[in-house]
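Below: the structure, in structure tokens.
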Amino acid sequence: MRQKYFHFFSIIFLVLTQFAFITALLLEHKNVFAVISLTTLITALIIYTYIKFFKIKEVDFEPFYVMIFVIAGALLTSYLHLFTPLNSVLAAALIGTITSFLPNLNKRSKVLQNIPNAIYCGCFVGMSQKHVAINYSFILIAGMIAGIFYMFSKNLFHGVGGKLGTLAFGSVVISSLLLLILS
Amino acid sequence: MLTTISIYLTSILGAFLTFLVNTKYKQGPVRASALLTLIVAGVCFLFPKIFSEDIINQIPWVFFGSSFVGMTSGKLTRNYISIIFAGIVFGFIYTVSPDFFNGYGGALGTAACISILVVIGINNLIRLLKASKKKKRLLKKVVLKS
């Protein structure tokens, strides 16, 4: 019973993240008619897809240790793009390529199969630029939030490209909000 | 103008190539997205004078974002046309993406997720329309026979 609440919470998190993005887009282009009409059309289609498609049959979670990999991916990527001449796209792509070969080491182990997706989700958190992610504790907290929601959203949006990016974006926004409130 | 066209072309190409490597050559979504981006961003990093500076600065970001569109599993979108259309939608969202979220990690992923959800919705609508047309045709046949 309690699992259902976590699941519901992560659905709300994903949907609200996307709507925050669309709202910011609309507010910045409120004078351009073409952009506003097209964005409204896009929003209507998204809501239709939410209602029609994503009926979850059973609630299932990822194991607990994936959170560690998400945090590790975030810290590695932010280290690479802050302290080496690589830009953040190259850093994330490099780490993603290396980790995608890890499951080939031992095809039977379940831990290794879970690694690439988790670390790739962490990479997006670590891609935040300097003026957003001011220090490592910010990235640690954002990675933790992303890891928690990654754990809870196993069956949610399954196979939809960009799910990992949405999780990372939501967690970075939440932790920068926390920073605003606390400072 | 040239920059806009190159953004749209890159996003279509990124989505399509990633989907091809992901589903047809069965390399898995993460490797397809990361490896292709590594190649494109590496070429842009090593040879910064192939295109003009404006385009070179944009291409790695657009390609990285559009490769998330191609990470969709083959069960959800079967044909290549819908992936190409999702690439076009991603190009539109990228060109108007809000400056407020500039530098936030994962904003590209959110844009990709929105564009793929739009395409899934359109696909579902088309399927519904076809089904209702078929129903009407069958009903007419039944009425005529009786």
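Computed values, structure above
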| item | result |
| --- | --- |
| Label-reachable residues, the stretch A:114-148, where backbone N falls under 17 Å from a point 7 Å from A:Val59's Cα toward its Cβ | A:148 |
| Stokes-Einstein diffusion coefficient of the protein assembly as shown, Kirkwood radius over Cα pairs, 25 °C, 0.890 mPa s, in µm²/s | 120 |
| Under Karplus coefficients 6.51, -1.76 and 1.60, residue-wise ³J(HN,Hα) of the stretch B:15-30 in Hz, glycine/proline x | 5, 5, 5, 5, 5, 5, 5, 5, 9, 6, 8, 6, 9, x, x, 5 |
| Of the DSSP H helices in chain A, those whose Cα atoms cover at least 27 Å axially and whose Kyte score averages 1.0 or more | A:2-28, A:33-53, A:163-182 |
| Cα-based convex hull volume of chain B per residue, rounded to whole Å³ | 136 |
| Straight-distance crosslink candidates among lysines, where the alpha carbon sits under 17 Å from A:Lys107 and sequence neighbours closer than 8 are dropped | B:Lys26 |
| In Hz, Karplus ³J(HN,Hα) per residue of the stretch B:130-135 (6.51, -1.76, 1.60; θ = phi - 60°; x = Gly, Pro) | 4, 5, 5, 4, 4, 4 |
| Local net charge near A:Phe149, Cβ-Cβ under 13 Å (Lys/Arg +1, Asp/Glu -1) | +1 |
| Residue pairs, from the table A:Lys4/B:Lys133; A:Lys52/B:Lys135; B:Lys24/B:Lys130; B:Lys49/B:Lys75; A:Lys163/B:Lys135; A:Lys154/B:Lys133, whose Cα atoms sit over 32 Å apart | A:Lys4/B:Lys133; B:Lys49/B:Lys75; A:Lys163/B:Lys135; A:Lys154/B:Lys133 |
| Cβ-derived FRET efficiency at R0 22 Å, A:His158 paired with B:Ala131, nearest 0.05 | 0.35 |
| The stretch B:1-63-the stretch A:21-97 distance, computed between alpha-carbon centres (Å) | 18 |
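Each value in this text was obtained by applying a stated rule to the coordinates, not by laboratory testing. Quick caveat, the model's predicted, so the values are computed rather than measured. With ideal geometry, Cβ positions are generated from the backbone for all residues, glycine too; neighbour counts draw on all protein chains shown.
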